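Single-structure report; data block below.
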Amino acid sequence: MHAFQRCIAPLCRATYDVSDVLTSCPDCGSLLDIDYEWDKLPVPKSLREFEARWGNRRNTLDFSGVWRFRDLLPFAPDEQIVTIGEGQTILQQSSRVGKYVGMNDGGLFLQYEGLNPSGSFKDNGMTAASTHAKMVGAKMAACASTGNTSASLAIYASTTQVFRVVVFVGSGKIAYGKLSQALDYDAKTLQILGDFDDALERVREVSGERGIYLCNSVNPFRLEGQKTIMYRVLEGLNWQVPDWIVVPGGNLGNSSAFGKAFSELKALGLIDRIPRLAVINAAGANTLYQLYEHRGVRWDGGMSDDGTIDTFFADMDAEHRKASTLASAIEINKPVNLKKCLRALDTCDGVVRQVTDQEILDAKAQVGAGGFGCEPASAASVAGAKKLRAEGIIAPSDRVVCILTGHQLKDPDATVAYHSGDRTLFDSKLGSRGVEQAHYANCPVVVENNLKKIIEVLEDD
């Protein structure tokens, strides 16, 4: 195999074997990439070559929307790959959502990653992390989670029986739709009295102490799998590059993976240009926005201003600031992939914005009315695209892809509270987070159990 792990720090660049289980560089502590000796690998001459695998769906690797692109993440022998049919997701043009955002007709696309087996994009990365876990003989795997990671890791463990799983979740910081998955998939679930950042700190300590395989996005193999979301976007656009990719920003794994994907494709001559990237924070969890747009922190060739970053986090701790947003999947104060995301923003001439929970839920209602529906965090991408369109950063003629990261049923409580018309429910679930009104509510109609009355209601529509 011509794959290895490499430190992202430009003054280090130490390399390690793929058989090493690492979440940071042992030499300097920086994050790691999976890198390849591309000149010694059979790289396709065109992305269209992957179409030959569409007709070979009885081969489990070609059926997978991750592993049919295995030539572009060639770190595992075929016989070691762990797959449960992930990546059967679609890119769909949405005129209704496009109109809401302010795009010309036909210009806005939604990438529905909620159609993965566990209901979120995490399966793209977890199949790659599970594969590496199998390669190194791991018997137990762990993660900290706001919900989607735990559900994904648990379904891979229960379906494949390759390893056992323990998941760490923050107390009161997980939607029940997601928690129910981890419980049902037989994961040992530890509810930490703290938030996601606390849970991640503890799981990293425990994994290091007990030799447990860690599956959070500090694991570089996770991000290799998440690159394939962009391959499927290109596939859905007949291998043409869009103008914009808009993605929610939480732990910043997706944005990091997307930047790496496009950088590699451009270097390999498989695309002729790189799209722009917009990363959208929730206003209640806006670390990247604050650092990037207000404090001017940049990748700067890998020499980003660590002093500014460290001061920001020190002030956060001193003031006991905690992330707070209804978009629980991105309710993260200290994104572990911050440096990789800064690199992706540099690669993709990116921008960062923040959106309120009100903007998120209004966008979510529009997505549901015009498509498959999504969890709140996903709708941050649409709300962000709308904001960038209003600012004139995105042009109405641009071709824009919004990534919808999780299924609507991940957090049904927020959906019901928004649409129900029950003010008490609305205030208890949404009002406490600053949401004032359900601008696009689709309230159920109460009607007598009477044929005539039912027909009267239908005729009034």
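Observations, loosely collected:
- Packing, taken as the mean count of other beta carbons within 10 Å per residue, orders the peptides 262-272, 301-311 from highest to lowest as 262-272, 301-311.
- The chain: relative contact order in percent, alpha carbon pairs under 8 Å with at least 6 residues between: 16 percent
- Using the Cβ-Cβ distance between Glu436 and Asp349 with R0 = 41 Å, the FRET efficiency computed as 1/(1 + (r/R0)^6) comes to roughly 0.70.
- Rounded to two decimals, the Cα-based Rg/Rh of region 1-108, with Kirkwood Rh, is 1.11.
- In terms of distances greater than 18 angstrom between alpha carbons, the cross-link table entries Lys227/Lys266; Lys99/Lys227; Lys364/Lys387; Lys334/Lys364; Lys122/Lys178; Lys188/Lys429 yield Lys99/Lys227; Lys334/Lys364; Lys188/Lys429.
- Rounded to whole Hz, the Karplus (6.51, -1.76, 1.60) HN-Hα couplings of region 64-77, x for glycine and proline: 5, x, 9, 7, 5, 9, 4, 4, 9, 9, x, 9, 10, x
- Cα radius of gyration and Dmax for region 120-275 (Å): 16.5, 49
- Computed across region 227-271, the Kirkwood hydrodynamic radius from all distinct Cα-Cα pairs reaches 11.0 Å.
- Heavy atoms of Arg70: accessible area, 1.4 Å probe, square angstrom to 10: 40 Å²
- Put simply, the convex hull of the Cα atoms in the chain casts, on average, a shadow of 23.3 nm².
- Pairs of Cα atoms nearer than 8 Å and 6+ residues apart set the relative contact order; for region 135-250 it is 26 percent.
- Note that region 117-193 carries a Kirkwood radius of 12.1 Å, evaluated over its alpha carbons pair by pair.
- In summary, region 363-461 shows an alpha-carbon radius of gyration equal to 1.33 times the 2.2 N^0.38 Å reference for compact globular proteins.
- Computed from the Cβ-Cβ distance with R0 of 35 Å, the FRET efficiency linking Lys266 to Glu205 stands at 0.35.
- Computing FRET efficiency as 1/(1 + (r/R0)^6) for Arg321 and Leu11, where r is the C-beta to C-beta distance and R0 is 35 Å, gives about 0.65.
- Once the Cα-Cα distance is subtracted from the 0.36 nm per residue extended length, the Thr308 to Glu293 segment shows a gain of 4.1 nm.
- Listed peptides 392-398, 92-98, 197-203 by packing density, highest first (mean Cβ within 10 Å): 197-203, 92-98, 392-398
- The phi torsions of region 3-9, fed into the Karplus equation with coefficients 6.51, -1.76 and 1.60 and a -60° offset, translate into couplings of 10, 7, 9, 9, 5, 7, 6 Hz, rounded to whole numbers, with Gly and Pro shown as x.
The values are calculated or read from the model by the stated rules, or taken from the named source; none is laboratory data. Fair warning: this is a prediction, and the values are worked out from it, not measured in the lab. All Cβ positions, glycine included, derive from the backbone under ideal geometry; neighbour counts span all protein chains shown. Areas reflect the complete protein model, heavy atoms only, side chains present, ligands, DNA and RNA absent. Shrake-Rupley method; radii C 1.70, N 1.55, O 1.52, S 1.80 Å.
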